[in-house]
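Values in this text are rule-based calculations from the coordinates and carry no lab data. Because the structure is a prediction, the values reported are computed rather than measured. Note: ideal-geometry Cβ built from the backbone for every residue, glycine included; neighbour counts use all protein chains shown.
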Amino acid sequence: MTTIITGAAQGLGRALALALHAEGATVLAVDRDEGGLDSLPCKTLHLDLTHDDAPAALAAHAPIACIIHSAGISGTGPFEAIPADHHARILALNLTAPMRITCALLAADAMAPDGIHAFVGSLSTFTGYPGAVSYAASKDGLASFARSLAKALPKGQHAACIFPGPMATDHAARYAPDNTDKTVAARQNVEDTARIILKGLAARRRIIIPGGKATFMARMGQIAPGLTGKVLRKGLYEKLTEPRL
Amino acid sequence: MPHVLITGASDGIGRALVNVYAEQGWAITATGRRPREALENPMTCPYVPCDLTEDMAPVLDALPPRLDLAILNAGLGKVGPPEAHSAEDIAQMIALNVTAPLLLAQKLMPRMEGGAMAFIGSTAARGAHRDFSVYAATKAALAGATRSLALEWQGRVQVLTLHPGPTATGMHDKAGLGNLAARRLFTAPDIVAETLAGAIARGKNRRLGPGYMLRHALRGARR
């Protein structure tokens with residue numbers, strides 16, 4: 001039985017792979033960044049998830065106990081300043097690839113009878129994300145897909161969506177409007193986030209919002225969407241004058 | 001005379017929207033994938049046959065330098081459990097339902113300051129129907145984009161998201177939905193188009209939930 005983590009070379013994917021490996025799971029860490037995979041203690045696979053052959057390459061590791069779709073890219077800045085092909089790339093990796101892989105794994109009967117499909121979404125599903133339109137699009141798509149999938153799966157299998165807020169990762173540093181000490185200190189530690197996620201998956205929860213700060217923001221987005229939108233517009237979008245790809 | 005662009009106008013809700021705006025005296029540019037000869041009823045307004053996932057230039061070239069309203073309605077659905085979706089099905093739905101309207105919006109923006117863009121989503125976007133998993137995800141993605149885009153463009157272009165419910169259009173046959181009895185409850189496209197045009201005129205997002213469908217089904221049955 002294999003547990004597959006995509007986007008495992010760095011950030012949350014790496015923390016999840018390390019935590020699962022430490023628990024004794026047979027982990028397959030997948031990434032397109034070969035260098036980042038080298039230093040992992042588990043099995044690794046160098047793979048571009050948007051490639052046509054990617055679903056078959058993963059299905060070859062059946063039976064799959066759990067697959068966590070953690071690979072993702074973003075692009076922040078004014079929507080019209082981000083090149084069209086970058087918008088398309090975000091959708092291809094963040095949304096098309098996980099859906100294609102899920103459909104193909106089911107068609108190939110590659111999941112264990114109690115297998116878990118987990119998707120790393122974003123807190124933006126609860127709050128909106130001015131300054132990252134196509135990223136927000138891809139993550140809302142994943143959240144919706146996970147909900148429908150839960151109904152469609154063979155009995156025993158499980159689908160979950162994870163909604164993390166900003167974490168102390170290269171991803172956040174790359175796309176955030178600033179990386180001052182104060183902003184960086186406010187980001188959640190990836191090891192803690194990974195631990196909460198794995199606990200939630202073990203309990204077979206469908207919606208996992210890791211950490212108190214993310215849970216608070218999610219509630220704010222639900223209770224006061226207008227105010228939350230205004231705060232994010234001011235705090236994120238208005239500071240993003242140059243696109244960050 | 002205000003000018004509106006309507007995509008996905010060869011059939012269904014898009015076609016009905018053309019009729020609504022024509023009655024209201026708007027100048028219209030309509031576009032759809034079908035060639036002009038394949039349209040069931042001839043259209044009086046300019047119609048540009050165009051596959052938005054391949055090349056948007058024919059539509060952009062046909063538009064006036066200033067546009068008041070764009071209704072990005074073109075969409076594609078496929079019904080079936082996840083394992084029955086091919087890579088091609090998924091790629092097509094993402095391309096037409098998400099990527100194309102976003103990239104078209106990006107191209108239209110410069111000629112639309114002060115105007116409005118209305119994106120047609122679906123009540124299915126919230127997910128949880130086993131046979132619409134990928135379609136629902138693409139509509140949720142579109143709604144996720146427009147929600148954030150509305151915040152970005154506030155004060156410049158009004159961004160609206162309209163979610164029709166089940167409508168009696170050709171989409172369900174193309175999607176592979178069987179001849180269910182429930183389809184008799186689906187709302188007629190001309191009624192849906194009028195409701196959507198009303199929401200656009202008021203500048204409001206709108207979701208046509210099951211209550212809306214049932215109200216109109218009952219009204220139709222009483223007639």
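Say we join alpha carbon atoms closer than 10 Å with springs in a Gaussian network model of chain A; which of A:SER122, A:SER144, A:SER39 then has the biggest fluctuation? Taking springs between Cα atoms under 10 Å, the residue moving most is A:SER39.
Rg and Dmax over the alpha-carbon atoms of chain A stand at 17.3, 49 Å. Ratio of Rg to Rh for chain B: 0.94 [Cα atoms; Kirkwood radius as inverse mean 1/r over pairs]. Taking amide hydrogens as placed 1.01 Å from N in the peptide plane, the amide H of B:LEU5 sits under 5 Å from those of B:THR29, B:LEU69, B:ALA70, B:ILE71, each at least 5 positions away in sequence or on another chain.
Which trypsin sites (Lys or Arg not before Pro) in the range B:37-121 pass both tests, a DSSP loop state and at most 16 other beta-carbon atoms within 10 Å?
Here the trypsin sites (Lys or Arg not before Pro) that fit, given the DSSP loop and packing criteria, are B:ARG66.
Overall size of the range A:34-147 from C-alpha positions, given as principal axis extents largest first: 43, 34, 25 Å. Going from the residue with the fewest nearby Cβ atoms within 10 Å to the one with the most, B:SER133, A:SER124 rank A:SER124, B:SER133.
Kirkwood radius and radius of gyration were both taken over the C-alpha atoms of the protein assembly as shown, and their ratio Rg/Rh is 0.98. Using θ = phi - 60° in the Karplus curve 6.51 cos²θ - 1.76 cosθ + 1.60, the 3J(HN,Hα) couplings for the range A:36-46 round to x, 6, 3, 7, 7, x, 9, 5, 10, 9, 8 Hz; x is entered for Gly and Pro.
Over the range A:142-238, the pair-distance histogram of Cα-Cα distances with 5 Å bins from zero comes to 2, 12, 17, 20, 20, 15, 9, 4, 2, 0 percent, rounded to whole numbers. Taking a straight Cα-Cα cut-off under 22 Å and skipping sequence neighbours fewer than 8 places away in the same chain, the lysines within cross-link reach of B:LYS139 are A:LYS139, A:LYS151, B:LYS78, B:LYS107, B:LYS174, B:LYS204.
For chain A, the longest piece that avoids every one of the trypsin sites (Lys or Arg not before Pro) found in DSSP loops with at most 16 other C-beta atoms within 10 Å covers A:1-154.
Write down the percent of antiparallel bridges among all DSSP beta bridges whose residues are both part of chain A, to the nearest 5.
Working: 1 of 26 bridges.
Here the share of antiparallel DSSP bridges comes out near 5 percent.
By definition, a body whose alpha carbon gyration tensor gives a ≥ b ≥ c is prolate when a/c is 1.5 or more and a/b is larger than b/c, and the range B:178-223 fits this prolate description. Under the combined filter of DSSP loop state and at most 15 neighbouring Cβ atoms within 10 Å, the range B:1-55 retains these GluC sites (Glu not before Pro): B:GLU40, B:GLU54.
Can you give me the angle between helix A:97-107 and the longest principal axis of chain A, using Cα atoms only, in degrees from 0 to 90, rounded to the nearest 10? Here the helix axis deviates by roughly 20 degrees. Sorting B:CYS50, A:CYS66, B:CYS45 from the fewest to the most surrounding beta carbons within 10 angstrom yields B:CYS45, B:CYS50, A:CYS66. Arranged from fewest to most other beta-carbon atoms within 10 Å of their beta carbon, A:ILE4, B:ILE191 become B:ILE191, A:ILE4.
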